[in-house]
1. For segment A:104-119, state which residues have at least 20 Å² less accessible area in the presence of all protein chains than in their chain by itself, taking the probe as 1.4 Å and leaving out ligands, DNA and RNA.
2. Per Stokes-Einstein, at 37 °C and 0.692 mPa s, what whole-number D in µm² s⁻¹ belongs to segment B:207-349, with the Kirkwood radius over Cα pairs as the hydrodynamic radius?
3. For chain B, which whole percent of the accessible surface, found with a 1.4 angstrom probe, sits on carbon and sulfur atoms?
4. Using the Cα centre as the reference, give the magnitude of the dipole from point charges on the C-beta atoms of segment B:213-325 (Lys, Arg: +1; Asp, Glu: -1; all else neutral), rounded to the nearest 20 debye.
5. Measure off 7 Å from each Cα along the Cα-to-Cβ vector at B:T365 and B:Q202, then give the distance between these two points in nanometres to one decimal.
6. List the residues whose amide H sits under 5 Å from the amide H of B:A281, counting only those 5 or more places along or on another chain, with H placed 1.01 Å from N in the peptide plane.
7. Any idea what angle helix B:316-326 forms with the longest principal axis of chain B, computed on alpha-carbon atoms, 0 to 90 degrees, nearest 10?
8. So if we plug the beta-carbon distance of A:W56 and A:D122 into 1/(1 + (r/R0)^6) with R0 = 22 Å, what FRET efficiency do we get, rounded to 0.05?
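The values are calculated or read from the model by the stated rules, or taken from the named source; none is laboratory data. The shown structure was predicted, so the numbers you read here are calculated from the model rather than taken from an experiment. Every residue, glycine among them, receives a Cβ derived from its backbone with ideal geometry; neighbour counts consider all protein chains shown. All accessible areas refer to the heavy atoms of the entire protein, side chains included, with ligands and DNA or RNA removed. Shrake-Rupley method; radii C 1.70, N 1.55, O 1.52, S 1.80 Å.
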Amino acid sequence: MLVETIFAGLFLASIYALAAFGLAIVYGVLHVLNFAHGALLTLSAYLVFQLVTSGWPFWGAIIAVTVVAAGIGVLLELFLFRRVIDRPLSGLIISIGLIGIIDSLVAVGWGPDPRALPRMVDGSMTVFGGIIAKDRVLVVVIAIVGLGLAQLAITRAPWGKLLRATAEDREAAAMQGIPVLRVRTAAFVVGAGLAAVAGGIIGTTLPVEPGLGDNLILKAFIVIIVGGVGSTGGTLLGAAVVGLAEALSISYMPTSTAQLVPLAVLIVILLTRPQGIAGTLTERV
Amino acid sequence: MRRNKDREVSWRAPRKRMRMWTVLLAVVAVLAAACGDDGGEANEPSSAIVLGATFPLTGPAATLGREWDRGIELALDVVNADGGVMIDGVYHPMEVNVIDDETTAAGAQRGVQQHLDDGRTFYLGPVSSSSFDTAYGVLRDRDDRIVITPATAAEKYIGTPEGHMLFRTQSSSAGEDGGYAQFARAVVAEYAPTRVAMLVPQDPTGDTQVPIWTQGFEDAGVEIVYSERFAPDTRDFAPYISAMRGTNPDFVVGPYLDSMMGPFLSQAAQLDFTEAAFGSAGVSAASLAETDGAITDFTWMIITRAVDNPDDRALAAYREAYFAKYGEDPPSIGYFALSFYDPIIMLAEAIETVGAVDDLEAIATELTRIDTWPSQAMDIEFDEDGMAHYTYQQAFYKDGEIVFREFTRN
């Protein structure tokens, strides 16, 4: 059972990391808590479902929806968030308003019934005596490889350095000739694209339903704070901590207590290390 | 000078705007008065009788909400077929104003309060046990309303002063001979389990179910080997399935909504946890959709009657009306629609018999006397306390076949 529990924790960590990574990038660069990230994740999952049921191959649908979501990200940044560039609170309120709009679109488009994307692979496997679903193994592998590469790009690639520089200090970055506004837009494009990928992949293991992203986004915020606000590397670490803590507590504690464990982890981190596990007080992205 | 000029302009313009707004507001008020409903009063010729409904159209229980909505629409089609409810020789169309409670207690409370502010006297819902107590608090101490609800949580008010003119449209769930206890007995009779696991949501409905099921199984000598609750927004059940598998149950009582039971069964199938039989109340065959046939034994308590059973001639007309209106057969979960379908037609009949919409005591009394009505689907009767009694069913799925068994009235 321990093996199954640890794997369940890794799976939870993977979906939390998938949901949180794009959110962390947007916050790091724009300093906007984009609550609409979850709604965009939900919308993307439905769009992938729509394409797949129309005969598209799964990965083709993921790529197409990622492009669409990135386009939505550009529009949102240019026409909404850029207009409140110096008013983070206004950005926050806009993002909350977007949740209502996107959720309504989903409700009108697909109704209340949960939908299911086909599993990427069927069946289970036995690992050290524990029975583990193969599709979940694949989700964990995709999350580790995909987000690992994304993290590598952010730390090593030239555009990643621009993101980090802008996140660190926007005015200083502008003085160095970095096109800050374009970097903001790029951050939103990457964030929205990652929401789309997350929605499509999570939808293969959990039901695609109206509240999918909204439920995940709360955990994503916990993950970001635990890992270190604005640090994508910390987000991955935070996801691992929260996911494993949640799975272990569900398996070995009364559920009523287990539900409080992620929040307890959050409180302990805030009290003992307010910058998060991996963050410094100044680090961004 | 310039400042004075600005001030002069700034004084005059608002006054002009104020006059414009005053005129506009007056026009809007007149139009609203001309077009608006009358909040349930039917004293004027042909005025509509408006019922205030509060149930989920969004959130985890939205699928049930769609069926409640359809049950209401089909009932209104029956009531309004000849023009509505006849009072003093004039037909009054019956209408329902629906407010989405978003499957939350706060939403249900807001909805009920809105209906109250709009002057409604007839209420459909709140519907969920998870929101009923909160929302019913708005109406509990009032005598100027009739409340019709399927909520299990309403049961504790029935027969008390706080439940005056409160009608529960589902037969008793919570009593010793209620639906949940009967479900446990039916499971014992069908599957003869020795080790039962239970996994239900941590909410008021779960609070009601767990002790009744525990008692029911233990009275039959069945050991409860696993009993856990989960947060209602949980959709990843793998950790629970892993823990449950370790207790080796032969019957598993799962969550009470398809939106929870579906992923639970799908993940159980994916993890090869399929040897036990599964079941619950309030779910449907839709929960099996993603199990690829791996779950072979599944049972669910149908809180009314199966509307998707073509062999049930009593519901043939209902099924035809459903298909004619929505272009599809009623789904397995469509049995929820009957929670409102018959009671609305009964209410229309009661109002017509009393001959007034404002004599609520007489209407409530009449509701307990009605035994036939147009397009009747169920053999429902309200006792003098407002509790419904009827023959309801339990479905047993085995290897692709579904058998429906009837329970006598309680």
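1. A:P112, A:D113, A:P114, A:A116, A:R119
2. Answer from the Stokes-Einstein relation: 194 µm²/s.
3. C and S fraction of accessible area: 50 percent.
4. Its charge dipole is roughly 420 debye.
5. Distance between the two pseudo-spin positions: 4.9 nm.
6. Correct list: B:M301.
7. For helix B:316-326, the angle is close to 50 degrees.
8. With a Förster radius of 22 Å, E is 0.65.
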